[in-house]
1. Can you tell me the alpha carbon radius of gyration of the protein assembly as shown divided by the globular rule-of-thumb value 2.2 N^0.38 Å?
2. On a 0 to 90° scale, report how tilted helix B:175-191 is relative to the longest principal axis of chain B, with both axes built from alpha carbons and the result rounded to the nearest 10.
3. Assign one of three labels to region A:1-125, namely rounded, prolate or oblate, based on the Cα gyration tensor with a ≥ b ≥ c the square roots of its eigenvalues; rounded applies when a/c is under 1.5, prolate when it is not and a/b is larger than b/c, and oblate otherwise.
4. Using the Cα centre as the reference, give the magnitude of the dipole from point charges on the C-beta atoms of region A:148-224 (Lys, Arg: +1; Asp, Glu: -1; all else neutral), rounded to the nearest 20 debye.
5. Whole-Hz ³J(HN,Hα) for each residue in region A:9-19, computed from phi via Karplus 6.51 cos²θ - 1.76 cosθ + 1.60 with θ = phi - 60°, x for glycine and proline: what do you get?
6. Could you give me the radius of gyration and the Dmax of region B:79-149, taking only the C-alpha atoms into account and expressing both in angstrom?
7. Rank these for me by crowding, A:269, A:100, going from fewest to most other beta carbons within 10 Å.
8. Could you state the orientation-averaged shadow area of the convex hull built on the Cα atoms of region A:156-267, in nm² to one decimal?
Amino acid sequence: MRGAMENFLTYAFMQRALLAGIGVSITCAILGVFLVLRRDAMIGHGLAHVTFGGVALGLLLSVAPLLVTLAVSVVSALGILKLKEKAGLYGDTAIGIVSSLGMALGILLVSLAGSFNVDLFGYLFGNVLAIDPEEVWLSLLLATGVLATTILFYQEFFFLTFDPESARTSGIRVRRLESLMAVLAAVTIVLGMKVVGLLLVSSLLVIPAAASLQVARSFKQALVYAALLAGGTTIGGLVISYRLDWPPSGTIVALSGLLFLLLFFLRKSRRP
Amino acid sequence: MGNEALIAVENVSFRYGETAILQDVSFGIVSGDFLALTGPNGSGKTTLIRIILGLLKPSRGTVSLLGKEIDQFREWNRIGYVPQKATNVDPLFPASVREIVAMGLLSQKPFPRFLKAADETRIDRALQQVGMESLKNRRIGELSGGQQQRVFIARAIVNTPDVLFLDEPTAGVDAETQARFYEMLSELNRRERLTIVLITHDFSILTKHINKVACLNQRLFFHGTHEEFCSSPVVQELLQGEHHLVCHRH
């Protein structure tokens with residue numbers, strides 16, 4: 001077993017996968033705690049659909065898809081907020097509209113180009129083992145930026161998540177912070193895209209956060225547990241996928257779901 | 001502060017679409033007041049408090065808070081607020097009592113708003129004032145409604161504010177807990193000279209503690225002392241059938 005693990009770690013592609021996977025999944029999980037508690041978890045799912053349009057646009061224009069997707073995702077996240085605010089739509093309606101439009105854009109672009117279906121497949125289902133060194137560094141840089149911003153605004157995000165109205169009467173600029181949180185969500189979705197793919201990326205935001213909430217007794221604990229669960233399931237998922245030749249994205253998410261179930265039943269067994 | 005108005009509401013009106021919620025409301029609150037803002041359901045009490053706190057913009061009229069127009073007001077550390085249904089806490093929300101009270105300190109902190117060691121003393125003091133220090137590390141969702149109320153009061157007073165606003169804080173809480181809760185507010189009003197503005201329907205307990213009453217039903221039809229309120233025929237007539245007034249002091 002030890003030999004197999006040493007072998008596993010000697011591969012450069014595996015080192016890159018671990019580095020990017022752990023960094024991105026921890027970032028997603030920490031931001032996910034705020035989003036899940038704000039009932040905004042579906043924004044991850046919606047933005048994931050939008051990024052499909054971004055990826056298709058990037059591939060069509062032969063510009064780095066990660067950067068194009070980042071721009072599309074950030075604009076869409078802010079668009080969702082504006083639709084909620086200005087058009088008075090419910091959050092899930094605004095997410096539904098923007099995500100469908102993003103997906104439609106992707107389908108149209110794919111149909112027009114008709115030549116990059118293989119690349120697109122990688123973005124849809126993720127292929128962290130094929131991540132290149134530049135993407136690793138870009139992912140880690142963005143993940144560090146998201147984490148640093150979250151730490152700097154930790155107290156404000158916490159207050160905003162718990163009680164937005166009282167946060168406003170404490171002089172906290174709620175709308176600005178909501179925009180900032182939406183931008184951070186957009187960035188993390190794009191980061192997670194390479195690890196588990198667009199179709200599963202919202203799971204990185206939602207599942208570790210939801211699992212940590214089963215056992216955490218304070219907000220800091222929830223963040224730490226979510227980060228540990230995300231890091232642990234990414235490592236575990238990569239190891240299992242290497243040993244059993246399973247797809248890494250599906251394995252990481254399935255392991256994460258399993259841990260959620262375990263913690264859910266643990267909580268239920270403690271409180272009849 | 002003397003008798004200088006801490007809060008001045010002048011000719012405030014508010015409409016939701018075509019529906020008038022408040023019409024031409026004017027009154028002032030001075031330092032040391034323990035004021036009950038009361039009136040029938042849908043009379044605009046919560047709307048008025050939200051306008052005073054800048055959470056809603058009035059259709060007409062002005063509000064000044066601690067001498068500043070509400071749009072220019074920045075001294076949020078001098079204001080404490082316990083919103084309506086504050087105790088409808090998601091039982092799974094992973095926030096400890098200490099973390100909730102610490103939120104109240106943010107209004108006086110420059111960016112980045114990290115907490116310091118001295119803040120722990122202030123959190124402890126606020127929790128002591130509401131008798132909740134022993135539950136500091138408990139998860140908020142595990143506490144009873146009455147205990148949660150105390151935690152939200154601690155959050156609102158941790159900055160030692162000048163004015164505390166409470167919007168129906170005892171809704172859904174048993175009578176004994178309510179009595180203890182009002183006793184605690186009264187103590188804060190007397191000992192700390194905390195000005196309190198309280199939205200309530202609960203006259204039977206309030207008559208023991210409040211010194212001012214503002215009665216609202218779209219328009220302000222009464223603003224005066226507790227004694228004047230009890231003897232006002234207009235008030236008795238308006239509240240007939242909705243409330244039973246017990247006007248006595250112990």
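None of the figures in this text is laboratory data; all of them are computed from the coordinates on show. This structure is a prediction, so every number in the text was calculated from the model and none was measured. Please note: Cβ atoms are built from the backbone with ideal geometry, for glycine as well, and neighbour counts cover all protein chains shown.
1. 1.14
2. It is inclined by approximately 90 degrees.
3. Verdict is oblate for region A:1-125.
4. The calculation lands at about 120 debye.
5. So the J values, rounded to whole Hz, are 7, 7, 6, 4, 5, 6, 4, 5, 4, 5, 4.
6. Using the Cα atoms of region B:79-149, the pair Rg, Dmax is 12.4, 34 Å.
7. The order, fewest Cβ neighbours first, is A:269, A:100.
8. Across all orientations, region A:156-267 yields a mean hull projection of 7.8 nm².
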